[in-house]
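Engineer: Here's a structure for you.
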Amino acid sequence: MGGGGGGFLQYMDSMAMAFGFLLFLWVLHHACGRYIRLHHGAFLGGSMVATVVVFLVGRKAELALDPFVGTMTLLAAVLLAGGFLAMADVRRRITPYFMAFCMVGVLGYALAAHYGNVTAQIWQMPLFWATVIPSAAALLALPVWLMTSRGDGIHALWVPLGTILLCVAGYYMVGTTNQTIAIPAENAAPLINTLLAAGFFCLLLGFLLVRRWLDAEKAEE
């Protein structure tokens, strides 16, 4: 990398933390209003946990393999996905079952990580994928559905884009840590932190520009 680019990219971990923290503050600002709904609480919890995760992995990417950081990552994804599902599933026909299923997956993953050894080898990864796949699918599909069916606007697409970038960042964090992806050490950290910063920036844009998601008084019944 060139000196100027490298000099700028070395601050991407701080940018990722800043965007994650701003996302949390923006959701917190709306969730502290007088009229709040289920999706406000889900978004608040998800953004808070995601902020903690980005503060951890933004400084040390190797923590991506830590099962307790993995548990927090799963929890953040489930809560954010649950928020979008709560907006789409107005009559609550799917949301309770989705949240119950995913939370069992999160707790099971955490217990497997806690006990380790044979328990972790048998249960940890199946529970991880059983939780992360529906959560990621909801984060990718539901903003698009809200855009097309509810008229939330094209800015809803920032959330799926941010989700993809964060998933790619996680892929590179895990791959470079367990050495299944060969990237020079001097390039790995700037790449991962840039993806994290871009992903959280896209999520922040989505929540900033689609005001209906956090506007409790104007949300549809």
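Residues checked against (1) open to solvent by less than 10 Å² (accessible area, probe 1.4 Å); (2) at pLDDT below 95; (3) basic (Lys, Arg):
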{"site": "52", "(1), (2), (3)": "no, yes, no"}
{"site": "58", "(1), (2), (3)": "yes, yes, no"}
{"site": "62", "(1), (2), (3)": "no, yes, no"}
{"site": "75", "(1), (2), (3)": "no, no, no"}
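Engineer: Considering every residue within region 204-216, establish whether at least one is touching a residue at least 60 places away in the same chain (Cβ under 8 Å), of a type outside the set (A, V, I, L, M, F, W, C) and in a helix (DSSP H, G or I).
Structural biologist: yes
Engineer: Also, quick follow-up: Suppose the filter is open to solvent by less than 20 Å² (accessible area, probe 1.4 Å), under 22 Å from residue 171 (Cβ atoms) and of a type in the set (Val, Ile, Thr); does residue 27 pass it?
Structural biologist: Values: open to solvent by less than 20 Å² (accessible area, probe 1.4 Å): yes; under 22 Å from residue 171 (Cβ atoms): no; of a type in the set (Val, Ile, Thr): yes.
So residue 27 fails the test.
Engineer: Would you call residue 186 loosely packed, with under 13 Cβ neighbours inside 10 Å, assigned to a helix (DSSP H, G or I) and at pLDDT below 85? It would help to see each step written out before you state the result.
Structural biologist: Values: loosely packed, with under 13 Cβ neighbours inside 10 Å: yes; assigned to a helix (DSSP H, G or I): yes; at pLDDT below 85: yes.
Criteria met by residue 186.
Engineer: Then there is this: Kindly provide the set of residues from region 27-44 that are part of a loop (DSSP other than H, G, I, E, B) and of a type in the set (Gly, Ala, Ser), ordered by number.
Structural biologist: First pass over region 27-44, keeping only residues part of a loop (DSSP other than H, G, I, E, B): 32-37.
The answer is 33, and nothing else.
Engineer: Here is a follow-up. Being aromatic (Phe, Trp, Tyr) and under 24 Å from residue 168 (Cα atoms) is the filter here, so list the residues in region 73-122 that pass it.
Structural biologist: First, pick out the residues of region 73-122 that are aromatic (Phe, Trp, Tyr): 84, 97-98, 101, 109, 115.
Of everything in region 73-122, those that are aromatic (Phe, Trp, Tyr) and under 24 Å from residue 168 (Cα atoms) turn out to be 84, 109.
Table: residues versus (1) more than 28 Å from residue 27 (Cα to Cα); (2) open to solvent by less than 60 Å² (accessible area, probe 1.4 Å); (3) at pLDDT below 85.
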{"residue": "122", "(1), (2), (3)": "yes, no, yes"}
{"residue": "149", "(1), (2), (3)": "no, no, no"}
{"residue": "161", "(1), (2), (3)": "no, no, no"}
{"residue": "168", "(1), (2), (3)": "no, yes, no"}
{"residue": "176", "(1), (2), (3)": "yes, yes, yes"}
{"residue": "196", "(1), (2), (3)": "no, yes, no"}
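The values are calculated or read from the model by the stated rules, or taken from the named source; none is laboratory data. Please read these numbers as outputs of a predicted model, since none were measured by experiment. A quick note on method: Cβ atoms are made from the backbone with ideal geometry, for glycine too, and the neighbour counts reach across all protein chains shown. For the accessible areas, the whole protein counts, side chains as well, though only heavy atoms, and no ligand, DNA or RNA atoms are used. Shrake-Rupley method; radii C 1.70, N 1.55, O 1.52, S 1.80 Å.
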